[in-house]
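Structure, as structure tokens:
Please treat every number below as a calculation from the coordinates, not as lab data. This one's a predicted model, so the numbers in the text were calculated from it and none came from an experiment. Heads up, the Cβs are rebuilt from the backbone with ideal geometry, glycines too, and the neighbour counts pull from every protein chain shown.
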Amino acid sequence: MALLTLDRVTKRFGGLLANNSVSFEVIEGEILGLIGPNGAGKSTLFEQITGFYPPTSGRIEFEGHSLVGLRPDQVNRLGIGRTFQKVKPFLGMTVIENVMVAAMQYDPDPVKARRDARGFLEIVDLADKGDAGARALSIGERKRLEMARAMATKPRLLLLDEVTGGVDQRTIPTLLQLISRLRNEQGLTLVVIEHNMRVIMSISDRIVALHLGEVIADGRPADVVKSPRVIEAYLGDSFVVPATESGPRR
């Protein structure tokens with residue numbers, strides 16, 4: 001069943017064509033990887049799905065409901081959460097207060113919001129940091145905090161924008177395990193933008209590749225990385241397919 005449908009989505013900024021007739025579906029329960037070089041239009045696509053930019057043309061539907069013209073808060077209430085490439089927690093608040101802000105949009109009771117927030121912090125392994133200031137967190141911890149905040153909005157579809165970007169290499173396995181748990185234990189469907197090919201191949205059921213705003217490949221990770229168009233536009237001839245990667249573990 002298609003949870004999210006993009007049909008010929010096009011976005012222009014004046015003379016710049018950021019997305020050009022992008023079409024693909026996100027199937028409920030899958031982890032979809034979104035790859036492509038800088039400027040390929042990946043984050044712009046996220047902005048249109050979540051209501052920050054209206055598409056110039058095309059159709060975006062979530063469970064059959066059109067998202068075109070909706071505000072970000074309306075899209076979020078339908079069941080789509082997201083993280084951002086550049087994490088920006090509320091630095092003057094504690095870690096748990098950051099998550100409470102998101103949780104309180106559904107229930108203004110601060111006691112319940114705090115209880116719910118602590119549960120989301122447990123999922124991302126930050127429960128022991130709840131009373132610490134958000135300013136004290138490392139980049140990797142801030143990434144996990146942002147994931148907890150997104151989950152507090154009760155999404156069915158979660159969009160992750162470069163969740164491993166800028167983090168210490170030693171923390172990447174922890175983030176990958178978390179992404180898998182979000183699907184396997186929390187029942188989320190995920191779309192993940194990621195430049196680290198070893199990462200994206202290890203977690204994705206399917207990969208969509210963009211170049212110059214257009215879809216140039218859509219399929220199993222092992223097939224996409226062998227696509228001549230993907231190799232030419234993004235990976236390069238020297239790319240070697242990781243021999244030990246066999247896709248996500250369910």
J(HN,Hα) series, region 160-169, from Karplus relation 6.51 cos²θ - 1.76 cosθ + 1.60, nearest Hz, glycine and proline x:
10, 9, 6, 5, 9, x, x, 8, 4, 4
Measure nothing but the geometry: give the 0 to 90° angle between the long axis through the Cα atoms of 139-151 and the longest principal axis through the Cα atoms of the chain, rounded to 10°.
80
May I ask you to derive the FRET efficiency for I27 and A136 from their Cβ-Cβ distance with R0 = 45 Å, giving the value to the nearest 0.05?
0.70
Table column - 3J(HN,Hα) (Hz), region 215-223, Karplus curve with 6.51, -1.76, 1.60, x for Gly and Pro
6, 10, 6, 7, x, 4, x, 5, 7
If R0 = 45 Å, then K226 and E122, at their Cβ-Cβ distance, give a FRET efficiency to the nearest 0.05 of 0.65
Cα→Cβ-extended label distance, 7 Å offset, between Q169 and L212, nm:
3.4
Compute the length gained on full extension between H65 and L17: take 0.36 nm times their separation in residues and subtract their Cα-Cα distance, giving the result in nm to one decimal.
14.7 nm
Enter the Cα centre distance for the pair region 141-156 and region 47-88, rounded to the nearest angstrom.
16
Neighbour-count ranking [beta-carbon atoms within 10 angstrom, fewest first] of T50, T174
T174, T50
Long-range amide H partners of A217 with built H, under 5 Å
A209
For the chain (alpha-carbon point model, no solvent) the Debye-based log₁₀ I(q)/I(0) at q = 0.08, 0.11, 0.15 Å⁻¹ works out to -0.30, -0.58, -1.07
Restricting to bridges with both residues inside the chain, how much of the DSSP beta-bridge set is antiparallel, in percent to the nearest 5?
55
For L188, list long-range residues whose amide hydrogen, built 1.01 Å from N in the peptide plane, is under 5 Å from its own amide hydrogen.
R183
Which ³J(HN,Hα) values in Hz, rounded to whole numbers, follow from the phi angles of region 66-75 under the Karplus curve 6.51 cos²θ - 1.76 cosθ + 1.60, where θ = phi - 60° and Gly and Pro get x?
5, 9, 5, x, 7, 6, x, 5, 5, 5
